[in-house]
Amino acid sequence: MNEVILDELYKNLGKYVTSERMCKKLGISRIAVWNRIKNLQKLGYKIEGKRSVGYMLKEEAKDILIPYEIRRRLNTKIFGSRVEYFRLTSSTMDEAEYLLEKEDDLNGALIIAEEQTSGRGRQKRKWLSPKGLNIYASLIYSPENWDTSMAIPFMFALSIAVREAIVDFGIDEAKIKWPNDVMVGNKKIAGVLVEAKSESGILKYLIGGFGINVNMEEVPEEIKDTATSMFIEASHKIDRATLLANILFYLENLLDIMNKKGKDEIFKLWRGMNNTIGRRVDIISGEDRIGGVAKDIDRDGFLVVETESGPRKVITAESVRFVDGHEE
Ligand code: ATP
């Protein structure tokens, strides 16, 4: 019902819509319309009401992350065909898994939350997810005939999409750290995580999760030396619905490319926007730490590091730390 009101208000942006018209469209009383308008105002819509005239939406919504606003901005065929919105959840990854247990036909479904209590990174590391400022999202993709090795190129495509959408807001220095983080200098601005569901070696579903630090004016104390936000980098507020719609658009295009031309095209693009190749790194695996220089990614997307004892392939379970603080 709110969507019908918003449609009317947007169609007449900057002009009054009479209360009678709203009542007729919705089949509800004047009081009921007024209550709904009050709720929309609470969400942040700049709606003006005049007693005997009606209601006017004064300007387009800025940074209201509800499914309606995301849909208005979407330019995709599959992604976002369904949007599940949570004010609060443990994690959008949990919600995606839960949906997959209950339902089929979830290709393209987007799950978003304003706040997460147990947002997670790789190996269940915690992703700090304060309320109302950032993006916490998971996307479900159901590929056609991909084997399980494609989960890594999918993760690269998602990191590229997130990076490109961040750059569109003027943060040109955003680069991808192998394998899954978007960094500005040495600070993390976004994290990407992919979980796969497969049957007999064929991928059935991929869940692509991403957390982006968007409108946090300050980062939480625990990560203040290692994290940044789009607000801090761009010095202005960002419309999260636009950012999210752009990510979905980029990802859909990248997956089209991957399906038509293969994963190498994605790796080629990734090479042009990473901050890892050419850097001195330490590979950390449990208690072990091996130094070397990151040379390239191989045909599966694993990092190849030249160490004293020869080239060593790094798989995603291990961590890579930069030894020097600067990019080469
Ligand atoms: P690392 O960040 O230690 O290199 P990683 O790349 O595997 O490891 P992820 O699993 O992607 O990290 O993300 C989890 C880590 O990110 C946490 O351990 C924490 O250090 C950091 N972190 C948690 N919340 C945020 C946030 N909102 N923004 C930036 N970094 C965060």
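The values are calculated or read from the model by the stated rules, or taken from the named source; none is laboratory data. Everything numeric in this text was worked out from a predicted model, so none of it was measured. Quick reminder, even Gly has a Cβ in these numbers, built from the backbone with ideal geometry, and neighbours come from all protein chains shown.
Only one of the numbered conditions (1) among the hydroxyl-bearing types (Ser, Thr, Tyr); (2) at negative phi; (3) more than 8 Å from the ligand (Cβ to nearest atom) is not met by residue 226, and that is (3). Residues that are under 30 Å from the mean Cα position of the chain (by Cα), of a type outside the set (Lys, Arg) and surrounded by 15 or more Cβ atoms within 10 Å (Cβ to Cβ) number at least 2 in the following helices (runs of 4 or more DSSP H) confined to the stretch 13-73: 30-43, 67-73. Only one entry of 167, 182 meets the criterion of being closer than 23 Å to residue 279 by Cβ and either aromatic (Phe, Trp, Tyr) or within 12 Å of the ligand (Cβ to nearest atom) (or both), and that entry is 182.
Could you tell me whether residue 129 is away from the ligand (no atom under 15 Å from the Cβ), assigned by TED's automatic domain parsing to the domain that holds residue 74, hydroxyl-bearing (Ser, Thr, Tyr) and over 17 Å from residue 83 (Cβ atoms)? For residue 129, the condition - away from the ligand (no atom under 15 Å from the Cβ), assigned by TED's automatic domain parsing to the domain that holds residue 74, hydroxyl-bearing (Ser, Thr, Tyr) and over 17 Å from residue 83 (Cβ atoms) - is not met. Checking the stated criteria, residue 109 turns out to be small (Gly, Ala, Ser) and away from the ligand (no atom under 16 Å from the Cβ).
Residues that are more than 26 Å from the chain's Cα centre (by Cα) and closer than 24 Å to residue 154 by Cβ were ranked within the stretch 299-328; the one that is modelled with the lowest pLDDT is 313. If you take the residues in the stretch 301-324 that are away from the ligand (no atom under 16 Å from the Cβ) and either outside any strand (DSSP E or B) or touching a Leu at 6+ places or on another chain (Cβ under 8 Å) (or both), which one is nearest to residue 192 (Cα to Cα)? Only one residue fits best here, namely 313.
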